[in-house]
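To start, the structure under review is shown below, and the notes come after it.
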Amino acid sequence: MSKVVAIAKAQIGYKESGNNNTIFGKWYGANNQPWCATFVSWCFNEAGLISNIAAQSKKGFASCDVGLKWFAKKNKVIPIGQAQAGDIVFFQFDDDAQPDHVGIVKWNNTALKYLQVIEGNTSSGSVGSQSNGDGVYLRKRSYSLIMGVVRP
């Protein structure tokens, strides 16, 4: 999975050109839509591992909800404390019981209960949308925001 992390890491700093217009959405066929899941799918495709995450199509998934449900049906959900580089993490930022965002785990700090995650379609800090931002950033996320971690 380190190949997935290296591919995702190389995209840190990428910014959409506005209105969710990205290379990831264009590749997936869902441009101008929220693109966190298509970013994750693109990274797995580039690593040659797309079949591991074909939740919605042969290109992976564009919906966090569809993705998490698919991984759950395949018994791929793991405890947060076991998350490791290359795992996929789904976040819950509001109280609607649906995953709001997804990213790729870079590092797990079990002692301080947070993950370092490479995420597309987020903001660089606490200002701006966490689930529909403008770029690819390395984020530090508390375990309390995590809805599920999956090991593809």
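Things to note:
- Scope the stretch 25-79; condition assigned to a loop (DSSP other than H, G, I, E, B), in contact with a Phe, Trp or Tyr (Cβ under 6 Å, 6 or more places away or on another chain) and under 13 Å from Val89 (Cα atoms); matching residues: none
- Among the residues of the stretch 68-78, those that are without any contact (Cβ under 8 Å) to a residue 60 or more places away in the chain and within 15 Å of the chain's Cα centre (by Cα) comprise Lys69, Trp70.
- Pairs, first of a type outside the set (Val, Ile, Thr) in the stretch 86-104, second part of a loop (DSSP other than H, G, I, E, B) and surrounded by 24 or more Cβ atoms within 10 Å (Cβ to Cβ), C-beta under 8 Å, six or more apart: Phe90/Pro99; Phe91/Pro99; Gln92/Pro99
- Test set (1) touching a Ser or Thr at 6+ places or on another chain (Cβ under 8 Å); (2) crowded, with 18+ Cβ neighbours inside 10 Å; (3) part of a loop (DSSP other than H, G, I, E, B) - Asn20 fails condition number: (1)
- From the options Gly48, Gly60, residue that is surrounded by fewer than 20 Cβ atoms within 10 Å (Cβ to Cβ) and at pLDDT 95 or above: Gly48
- Residue count for the stretch 86-111 satisfying the condition of being on the phi < 0 side of the Ramachandran plot and of a type in the set (Gly, Ala, Ser): 2.
- Listed by first and then second residue, the pairs with beta-carbon distance under 8 Å, at least 6 apart or on different chains, first residue in the stretch 7-25 and without any contact (Cβ under 8 Å) to a residue 60 or more places away in the chain, second buried (at least 18 other Cβ atoms within 10 Å of the Cβ) and part of a helix (DSSP H, G or I), are Ile7/Cys43; Ile23/Trp42; Gly25/Thr38.
- Scanning the stretch 119-145 for residues that are farther than 20 Å from Ser17 by Cβ and touching a strand residue (DSSP E or B) at 6+ places or on another chain (Cβ under 6 Å) yields Gln130, Leu138, Arg139, Lys140, Arg141, Ser142, Leu145.
The values are calculated or read from the model by the stated rules, or taken from the named source; none is laboratory data. Please read all numbers here as calculations on a predicted model, not as lab measurements. Neighbour counts are summed over all protein chains in view; Cβ atoms, including those assigned to glycine, are modelled from backbone coordinates with ideal geometry.
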